[in-house]
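Below: one structure in structure tokens.
The values are calculated or read from the model by the stated rules, or taken from the named source; none is laboratory data. A quick note: this is a predicted structure, and the numbers were derived from the prediction, not measured. All Cβ positions, even for glycine, are placed from backbone atoms using ideal geometry, and neighbour counts span all protein chains on display. The accessibility values were calculated without ligands, DNA or RNA, using every heavy atom of the protein model including side chains. Shrake-Rupley method; radii C 1.70, N 1.55, O 1.52, S 1.80 Å.
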Amino acid sequence: MWKQIADFWHVLRGSIRDLAPIILVIGFFQLVVLRQPIPNLGDLVMGTLLVLLGLTLFVRGLDMGLFPIGESMAFSFARKGSLFWLLLFAFALGFGTTVAEPALIAVANEAASVAADAQIIASSESARGAYALGLRLTVALSVGVAILLGVFRIIKGWPLHYMIMVGYLGVVVMTPLAPKEIIGIAYDSGGVTTSTITVPLVTALGVGLAMSIEGRNPMVDGFGLIAFASLTPIIFVLGYGMLF
């Protein structure tokens, strides 16, 4: 009981330390540079406290739940020795966590609205919904493929930087060929996939898998999955724009 309280207090202090620079910057520019009172101070303080509490609970939840389960499943699949099930799990994990990513949902809906305003698609609700869903599924599919390739790379011990270089070379080649309306969305989609849901589980999977395979270094081989998850959505969304 007391250990849980001590761990929570430790995470809370870390959250305060992380949020303090943001609060200081906003306060400095609002009061010193703009020389204006902070609007809705009560709501701002309450919102900050809620953010602090939410961030603390989120980080504590990662430590207690997501990181351990990701690592334990990686160990279990490695002991099972079935490459097919391990790769299938990696794909499903990447696809499932990304399609539920709140940031991706928001970006896809905004992209659909902008596309409708630009008359790229019909302005009906169904057309916007179909466009947003297609974009979400494309990004989720790309992340599933990315995690699958990343896990396969860890198993084989392939150098990470060569695969990343080849991927970005593909981005450079595809960018001039893609419709200009999709380029910004494609590049942003690489960032929104690496958010609150995807990163903890994928990182735990990579580190746990590297720890469970003899001859792999978790620091060298366990990380890098997030790099794939940021790269492949750009390629897939550029292709999505070129095809549809």
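Conditions (1) under 14 Å from the mean Cα position of the chain (by Cα); (2) more than 30 Å from residue 119 (Cβ to Cβ); (3) of a type in the set (S, T, N, Q); (4) open to solvent by 30 Å² or more (accessible area, probe 1.4 Å), marked per residue:
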{"position": "178", "(1), (2), (3), (4)": "no, no, no, no"}
{"position": "182", "(1), (2), (3), (4)": "no, no, no, no"}
{"position": "189", "(1), (2), (3), (4)": "yes, no, yes, no"}
{"position": "193", "(1), (2), (3), (4)": "yes, no, yes, no"}
{"position": "198", "(1), (2), (3), (4)": "yes, yes, yes, no"}
{"position": "206", "(1), (2), (3), (4)": "no, yes, no, no"}
{"position": "209", "(1), (2), (3), (4)": "no, yes, no, no"}
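Kindly indicate whether residue 48 is open to solvent by less than 60 Å² (accessible area, probe 1.4 Å), more than 25 Å from residue 208 (Cα to Cα) and touching a helix residue (DSSP H, G or I) at 6+ places or on another chain (Cβ under 8 Å).
Against the criterion (open to solvent by less than 60 Å² (accessible area, probe 1.4 Å), more than 25 Å from residue 208 (Cα to Cα) and touching a helix residue (DSSP H, G or I) at 6+ places or on another chain (Cβ under 8 Å)), residue 48 qualifies.
Is it true that residue 74 is small (Gly, Ala, Ser) and within 18 Å of the chain's Cα centre (by Cα)? So that I can check it myself, show each step before the final result.
Numbers: small (Gly, Ala, Ser): yes; within 18 Å of the chain's Cα centre (by Cα): no.
No; evaluated as a whole, the condition is false for this residue.
Okay, next question. Contact list please: Cβ distance under 9 Å, first residue in segment 226-237 and over 11 Å from residue 146 (Cα atoms), second residue aromatic (Phe, Trp, Tyr), pairs at least six apart or on different chains.
234/168; 234/187; 237/187
Let me ask something additional. Which of the following residues is in contact with a Gly (Cβ under 7 Å, 6 or more places away or on another chain) and open to solvent by 30 Å² or more (accessible area, probe 1.4 Å): 149, 160?
160
Scanning for something more than 24 Å from residue 242 (Cβ to Cβ), assigned to a helix (DSSP H, G or I) and either in contact with a Cys (Cβ under 8 Å, 6 or more places away or on another chain) or modelled with pLDDT of 85 or more (or both), does segment 117-131 turn up at least one residue?
Scanning segment 117-131, I find at least one residue that is more than 24 Å from residue 242 (Cβ to Cβ), assigned to a helix (DSSP H, G or I) and either in contact with a Cys (Cβ under 8 Å, 6 or more places away or on another chain) or modelled with pLDDT of 85 or more (or both), so the answer is yes.
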